[in-house]
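Here is the structure we will look at.
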Amino acid sequence: MSILDSKIPEGPLETKWEDYKSHMKLVNPANKRKLEIIVVGTGLAGGAAAATLAELGYKVKTFCYQDSARRAHSIAAQGGINAAKNYKNDGDSVYRLFYDTIKGGDFRAREANVYRLAEVSANIIDQCVAQGVPFAREYGGLLDNRSFGGAQVSRTFYARGQTGQQLLLGAYSAMKRQVGLGNIEEYNRHEMLEVVKIDGKARGIIARNMVTGELERHFGHAVVLATGGYGNVFFLSTNAMGCNVTAAWKAHKSGAFFGNPCYTQIHPTCIPVSGDYQSKLTLMSESLRNDGRVWVPKSQVDCKKRPQDISEDDRDYYLERKYPSFGNLAPRDIASRAAKEACDDGRGVGESGLAVYLDFSDAIKRLGQATVQARYGNLFDMYHHITGENPYETPMRIYPAVHYTMGGLWVDYNLMTTVPGLYAAGECNFSDHGANRLGASALMQGLADGYYVLPYTIGNYLADEIFTKAIPTDHEEFEAAENKVRERIEKLLAVKGNQTVDDFHKKLGRIMWDYCGMARTAEGLDKAIVMVRELREEFWKDVRVTGQNNEMNPDLEKALRVADFIELGELMILDARNRNESCGGHFRTEFQDEGEAKRNDEKYAYVAAWEHNGVDEQPTMHKEELKYENIKLQTRSYK
């Protein structure tokens with residue numbers, strides 16, 4: 001075990017980033033034209049980074065598995081993006097956004113990174129408005145704001161329930177402009193399957209052309225991963241079905257440490273599971289909790305009644321009761337556990353008993369249906385289409401579901417992993433949210449990393465690479481990396497077992513949800529790690545992958561991803577077992593105080609960064625001690 005150096009610059013928190021930028025090494029325009037950067041993933045973080053780096057003059061290659069960057073999962077984000085502009089004049093500030101984010105993450109995030117995030121947040125809104133992003137506006141034309149969980153101010157900018165889509169179109173437009181200028185070379189329908197390291201530095205990738213099956217070699221002076229989170233390890237999640245951990249996992253197996261893999265977020269407002277046939281779940285935006293009230297019947301005998309037939313006195317508005325200061329806008333981890341607690345108490349609603357009500361009747365009486373429809377109309381329509389129920393007339397039924405992952409590749413202050421020249425941006429890294437992300441902060445982080453952080457910090461590294469000429473892709477390390485990928489593919493195709501890839505993915509998801517989901521115990525985690533290891537062994541003996549390698553083969557793509565998910569699941573369980581405390585989304589039932597998470601700051605105020613030592617070998621845990629110099633560690637309370 002070693003103590004990691006996060007490379008946080010010296011000086012006061014408020015001036016760290018500006019001072020650091022002022023003293024970074026620079027690359028002049030003529031030299032930028034000689035440097036090649038690979039960006040894997042073209043969602044908000046990757047698209048913003050690619051556009052900005054290309055505009056600076058670097059030669060950029062982008063890779064995504066979708067047929068267009070517009071299909072990145074960033075498009076699914078609904079509710080909004082945070083920024084400390086204080087347009088509502090309600091007391092917001094950079095410091096308050098910083099503090100809310102640290103507190104929301106249960107004091108398990110790095111101070112310097114979070115402050116930088118809060119600091120650049122205001123610039124993001126100006127950038128997006130200039131791109132034409134149609135943020136909601138008040139009657140007078142000024143940008144509007146609404147509230148999100150874990151905050152007592154209104155700082156969330158939004159575009160109805162389509163904020164991610166509109167922000168992505170802004171980044172996509174900026175990126176396509178650079179494509180048109182010849183500064184970006186696009187490789188859509190390509191999946192990265194290996195990192196190429198030469199002399200210890202990231203120097204390229206091996207990608208599979210998903211249309212032809214051909215393996216391709218690509219060189220870069222630096223490689224940026226912006227490939228999102230790993231929530232689909234649970235099989236059922238709000239993520240798009242294609243979302244995967246493969247790029248990040250290959251980086252991990254090539255030497256990049258994985259930070260806090262057990263920190264996963266369960267979102268409290270999702271449409272409940274309705275049957276075994278489902279392959280994903282649908283998010284209902286947290287913004288709905290601005291006007292919707294969450295409740296369950298006080299008595300189990302009322303659970304099968306129509307909600308309209310349950311009197312006000314017989315309803316338990318449990319978030320308002322337990323957390324009066326924040327009410328229905330309590331943070332996601334807390335709201336999710338409260339919903340689970342109510343259902344475990346036998347007071348859940350719906351056929352399964354695994355749902356709670358999100359009720360808009362009071363808001364409709366207070367504001368009128370037209371106003372509610374203007375705010376949330378597309379979300380209400382989506383709910384109506386999926387469930388067949390009209391949320392204007394009857395309360396929505398919601399239940400927590402896997403949504404986001406705070407863990408990811410460990411990065412330093414520069415967003416560089418432990419592999420020199422390999423960077424991770426957005427949800428792909430671990431850096432900003434601690435043990436729980438506040439709502440509307442994912443879009444903020446993705447665009448902050450892509451537009452405002454990475455373009456500076458990568459130049460600091462590339463300034464020393466201006467004499468490195470493009471390395472030919474017939475180099476022995478490219479050859480070895482491609483052979484490694486080819487052998488894995490051939491091994492999968494040769495199994496010819498009896499069970500489908502989805503069979504194994506569902507089994508993995510059930511293990512992860514039951515033992516490493518909303519509630520975890522030492523006994524359950526010990527059981528789960530044995531189960532996942534047995535599942536891995538069974539997978540490589542009995543999986544059936546149809547088709548061939550040299551063709552379009554979605555079954556092979558899924559198999560490669562699920563093989564990585566199984567290995568990741570083992571690490572997540574190991575990390576959860578090692579952390580003998582409860583914090584944020586990591587809730588160990590042995591460590592609680594009247595149902596609330598009970599941290600152990602004396603022993604666990606650190607980032608756990610895991611080093612891969614081989615599939616059948618025990619990984620090594622390295623620590624980054626978390627030092628709080630500007631805020632005081634305290635019990636997180638939203639009461």
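The values are calculated or read from the model by the stated rules, or taken from the named source; none is laboratory data. None of the values given here were measured: they were computed from a predicted structure. All Cβ positions, glycine included, derive from the backbone under ideal geometry; neighbour counts span all protein chains shown. Areas reflect the complete protein model, heavy atoms only, side chains present, ligands, DNA and RNA absent. Shrake-Rupley method; radii C 1.70, N 1.55, O 1.52, S 1.80 Å.
In terms of its C-alpha gyration tensor, the stretch 1-147 comes out oblate, because a/c is 1.5 or above while a/b does not outweigh b/c.
Using the alpha-carbon atoms, what tilt in degrees (0 to 90, nearest 10) does helix 476-495 show relative to the longest principal axis of the chain? The helix 476-495 is inclined about 50 degrees to the chain. Treating r as the C-beta distance of residue 362 and residue 623 and R0 as 60 Å, the FRET efficiency rounds to 0.80.
Listed by chain and number, the lysines placed with their C-alpha closer than 24 angstrom to that of residue 32 are 21, 59, 61, 176, 197, 201, 469; residues fewer than eight positions away on the same chain are left out. Any idea of the accessible area per residue across the chain, 1.4 Å probe, to the nearest Å²? For the chain, the solvent-accessible area averages 38 Å² per residue. For the stretch 476-625, averaging the sequence separation of C-alpha pairs within contact (under 8 Å, six or more residues apart) and dividing by the residue count gives a relative contact order of 22 percent. Per residue, the chain reaches -11000 deg cm²/dmol at 222 nm when only DSSP H runs of four or more residues are counted, each adding -39500 (n - 2.57). Helix 163-180 and the longest principal axis of the C-alpha atoms of the chain enclose an angle of approximately 20°.
Each of 594, 351, 487, 185 has its accessible area taken with a 1.4 Å probe; listed largest first, they run 351, 594, 487, 185. The antiparallel fraction among DSSP beta bridges confined to the chain stands at about 70%. How high is the relative contact order of the chain, in percent, counting Cα pairs under 8 Å that sit 6 or more residues apart? 21 percent.
Simple point charges give the picture: +1 on the Cβ of Lys and Arg, -1 on the Cβ of Asp and Glu, and for the stretch 476-625 a dipole about the Cα centre of about 520 debye. In this Cβ point-charge picture (+1 for Lys and Arg, -1 for Asp and Glu), the stretch 267-401 has a dipole of about 220 debye about its Cα centre.
Largest to smallest in accessible area, the residues 186, 624 fall in the order 186, 624 (1.4 Å probe, all protein chains included). Between 355, 330, 386, the Cα set farthest toward the positive side of the dipole of the stretch 267-401 (charges on each charged residue's Cβ, about the Cα centre) is that of 330.
Taken over the stretch 476-625, lysine pairs spaced eight or more positions apart, or on distinct chains, with alpha carbons under 13 Å apart number 4.
Site pair residue 486 and residue 514 shows an inter-label distance of 4.2 nm when each label is modelled 7 Å from Cα along Cα→Cβ.
By a 1.4 Å probe calculation restricted to protein chains, residue 254 has an accessible surface near 20 Å², given to the nearest 10. Within the accessible surface of the chain, defined with a 1.4 Å probe on protein heavy atoms only, the carbon and sulfur portion equals 47 percent. Using the Cβ-Cβ distance between residue 126 and residue 177 with R0 set to 22 Å, the FRET efficiency from 1/(1 + (r/R0)^6) comes to roughly 0.75. For the pair residue 527 and residue 30, a Förster radius of 56 Å applied to the C-beta separation gives a FRET efficiency near 0.40, rounded to the nearest 0.05. From the coordinates of this entry, Kirkwood radius over Cα pairs in Å is computed, and it appears in (1) 33.4; (2) 24.9; (3) 27.2 under the label (2). Can you bin the stretch 267-401 into rounded, prolate or oblate? Criterion: square roots of the alpha carbon gyration tensor eigenvalues sorted a ≥ b ≥ c, rounded for a/c under 1.5, prolate for a/b above b/c, oblate for the rest. Judged from the Cα gyration tensor, the stretch 267-401 comes out rounded (a/c under 1.5).
Simple rule: put +1 on each Lys or Arg Cβ and -1 on each Asp or Glu Cβ in the stretch 472-609, find the dipole, and look at 549, 497, 485; the Cα lying farthest toward the positive end is 497. Reported to the nearest whole Å, the Cα centre-to-centre distance from the stretch 138-189 to the stretch 487-544 is 37. Anisotropy class assigned to the stretch 24-82 is oblate, per the alpha carbon gyration tensor with a/c at or over the 1.5 cut-off and a/b no larger than b/c. Under the convention that each Lys and Arg Cβ holds +1 and each Asp and Glu Cβ holds -1, the size of the dipole of the stretch 10-75 around its Cα centre is about 400 debye. Rounded to the nearest 10 degrees, the inclination of helix 501-516 to the longest alpha-carbon principal axis of the chain is 60 degrees.
Here the extension length gained between residue 300 and residue 476 equals 56.6 nm, from 0.36 nm per residue of separation less the Cα-Cα distance. Modelled spin labels at residue 341 and residue 23, positioned 7 Å past Cα toward Cβ, are 4.7 nm from each other. Restriction of the trypsin sites (Lys or Arg not before Pro) in the stretch 494-595 to DSSP coil positions whose beta-carbon has at most 13 other beta-carbons within 10 angstrom yields 496.
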